[in-house]
Amino acid sequence: MPTRLDRPNLRFDFPLIAFAALDYRLFLRSDRPEEVLLSILANFDGDPSEQALLQIVRRVEETSSSDFALKKHINQLRVLAQLRKLGIKLKAAMDSILPFIDPEQDAFYLIGEERTEERIVRNLLTKMKLSVEQIADVAGVTVDFVKRVRQKMADGQ
């Protein structure tokens with residue numbers, strides 16, 4: 001059904017197409033990685049999402065012109081996967097490109113690592129009778145980090 005957008009002295013008619021109505025394989029045929037990325041928004045047509053994601057990652061890898069471009073496209077793919085709530089399933093498909101990216105330098109990895117460290121420090125602070133220095137040593141963090149977590153806990157955060 002065409003959608004209308006009316007402006008004074010201008011009139012536009014255009015059809016709206018839902019990505020969910022399109023077969024993801026249509027986008028996989030493209031030689032442009034930007035178009036291949038769109039396949040994650042399309043219909044997997046009964047294919048298991050893990051299988052579809054593996055095909056998408058492989059095709060993005062094949063069509064990206066450089067390591068830099070591949071990293072950019074993979075970051076875009078991660079965002080789109082989150083929109084479809086496929087982030088966890090994307091993890092398995094990413095194994096093929098791990099040589100090209102350093103997950104430990106990824107911002108999301110670093111955020112998750114810090115949250116884990118904070119959770120460990122919180123547990124040690126509440127359940128153990130250790131000094132700040134001992135907690136820092138056990139958790140593998142700095143004394144300042146332990147003090148910041150302790151302060152956050154005191155502030156009710």
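Would you check if ARG25 is in a helix (DSSP H, G or I) and either touching an Asp or Glu at 6+ places or on another chain (Cβ under 8 Å) or charged (D, E, K, R) (or both)? Here the answer is yes, as ARG25 does meet what is asked.
Of the candidates ARG59, ARG84, ARG32, the single residue that is under 26 Å from GLY112 (Cβ atoms) and not aliphatic (A, V, I, L, M) is ARG84.
Per-residue answers, yes or no, for (1) part of a helix (DSSP H, G or I); (2) charged (D, E, K, R); (3) modelled with pLDDT of 85 or more; (4) in contact with a Cys (Cβ under 9 Å, 6 or more places away or on another chain):
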position	(1), (2), (3), (4)
LYS91	yes, yes, no, no
THR126	yes, no, yes, no
ASP144	yes, yes, yes, no
LYS152	yes, yes, yes, no
GLY156	no, no, no, no
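Conditions (1) surrounded by fewer than 14 Cβ atoms within 10 Å (Cβ to Cβ); (2) of a type in the set (A, V, I, L, M, F, W, C); (3) within 18 Å of the chain's Cα centre (by Cα), marked per residue:
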{"site": "ALA21", "(1), (2), (3)": "yes, yes, no"}
{"site": "ARG25", "(1), (2), (3)": "no, no, no"}
{"site": "ASP31", "(1), (2), (3)": "yes, no, no"}
{"site": "LEU41", "(1), (2), (3)": "no, yes, yes"}
{"site": "PHE44", "(1), (2), (3)": "no, yes, no"}
{"site": "ASP47", "(1), (2), (3)": "no, no, no"}
{"site": "ALA52", "(1), (2), (3)": "no, yes, yes"}
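The values are calculated or read from the model by the stated rules, or taken from the named source; none is laboratory data. Small disclaimer: the values here were computed from a predicted structure and weren't measured. Quick reminder, even Gly has a Cβ in these numbers, built from the backbone with ideal geometry, and neighbours come from all protein chains shown.
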